[in-house]
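In what follows, a structure is listed as structure tokens, so that the remarks can point back to it.
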Amino acid sequence: MIYHIYMGKSHWTLEFPFAVPWDETARLFMGAGSDEEVSTMVGSHAPGHHFAVQIVPQIPGVAAKEVASTPIVRIYSDQGQEARAHFLVDTGEVYALYAELEQGISTIFLDQARMGDFLGNRFFYNFMALERHLIKDQQMILHSCFVLYQGEAILFTAPSGTGKSTQGDLWAKYRGAEVINGDRSLIRYGDAVGSNNDDNACENQISGNSVSRWLACGIPFSGTSGICKNVTVPIKAIVYLHQAPENRIVPLKGRRAFSLLYNQITVNHWNTEFTDTVCSMLDHLIAEVPLYELYCTPDEEAVKCLEKCFNQ
């Protein structure tokens, strides 16, 4: 069964050996069948990459050199091609393998004994090396609570536990905003016209031509928040949060802006081309998008403080 996956302006195909009972969130970002049958989705251009899933009794080994690791994944690279082995923390047993075996195609090997762990929207985040493919389309993932307010995105970013979801919920409660994703947003530069959220997409025109802006896009995983919606809108502001006893807001600029935001972007540090692209995009973003540091309390006063800044 072939599924068409759409995130921001990226379009890929995902091939499973059987029909997958995807959850509702995952289905928001995919179609099934021929290109013609899914042509109403954003990015109906030809798919840029193909992911082929194989269910196997034993995960194959990797001959390439290990270049990085996390507590749950080992990353290998060989002449620009990459592999990622997912393993159990307690035993070290590899239960899934992402491998780029030929140009434009990745194979995902899944242990048949653990199939129950694979299905659902977490599949995309865990096994497809998404940030690696998104960056090829000049798109990056920001750790942030994505809030839709008056047709634009407010992105609250900060380390985990700082209160991103709290501030998003406050804007929903007191200003009627909508939380699009509680933990991640996809950021890109481009044309919002024809986005996957036609009701909310900014369709500014200059002499009949659409205006390119920095955009926030929904993505089909959201940490523990469980809130994922497929929406693309222009970015109103990115707000870096600090917990504080009283509310105060200051512009975020220059090196400090770069440092704080870079640390909240998913970056493959072992890949020079990847890091160079992120740095270039971030420089562009900082020059064009309003950025703030909000020292805030978990109440409506924080909303008022930021809102006052917007209205100046």
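The values are calculated or read from the model by the stated rules, or taken from the named source; none is laboratory data. The model shown is predicted, which means the values in this text are computed figures rather than measured ones. So basically every Cβ, Gly included, is an ideal-geometry build from the backbone, and we count neighbours across all protein chains shown. Accessible surface areas use protein heavy atoms only, side chains included; no ligands, DNA or RNA. Shrake-Rupley method; radii C 1.70, N 1.55, O 1.52, S 1.80 Å.
Quick notes on this structure:
- Residue that is most open to solvent (accessible area, probe 1.4 Å), among those in the range 79-98 that are farther than 17 Å from Pro57 by Cα and assigned to a strand (DSSP E or B): Gln81
- Here Ile135 meets the list (1) hydrophobic (A, V, I, L, M, F, W, C); (2) touching a residue at least 24 places away in the same chain (Cβ under 8 Å); (3) more than 29 Å from Leu241 (Cα to Cα) almost entirely, failing just condition (3).
- Taken over the range 66-78, the residue count meeting the criterion of being farther than 25 Å from Lys136 by Cα and surrounded by 19 or more Cβ atoms within 10 Å (Cβ to Cβ) is 0.
- Flag for Leu261 being more than 30 Å from Asp23 (Cα to Cα) and surrounded by 19 or more Cβ atoms within 10 Å (Cβ to Cβ): yes
- Ala237 vs. criteria open to solvent by 50 Å² or more (accessible area, probe 1.4 Å), of a type in the set (A, V, I, L, M) and outside any loop (DSSP other than H, G, I, E, B): no
- Answer from Glu178, Glu66, Glu102, Glu93 - the residue that is touching a Lys or Arg at 6+ places or on another chain (Cβ under 9 Å) and free of Cβ contacts under 8 Å to residues at least 12 places away in the same chain: Glu66
- Hits in the range 11-42 - residues which are assigned to a loop (DSSP other than H, G, I, E, B) and modelled with pLDDT of 80 or more: Phe16, Pro17, Phe18, Ala19, Val20, Pro21, Trp22, Asp23, Leu28, Phe29
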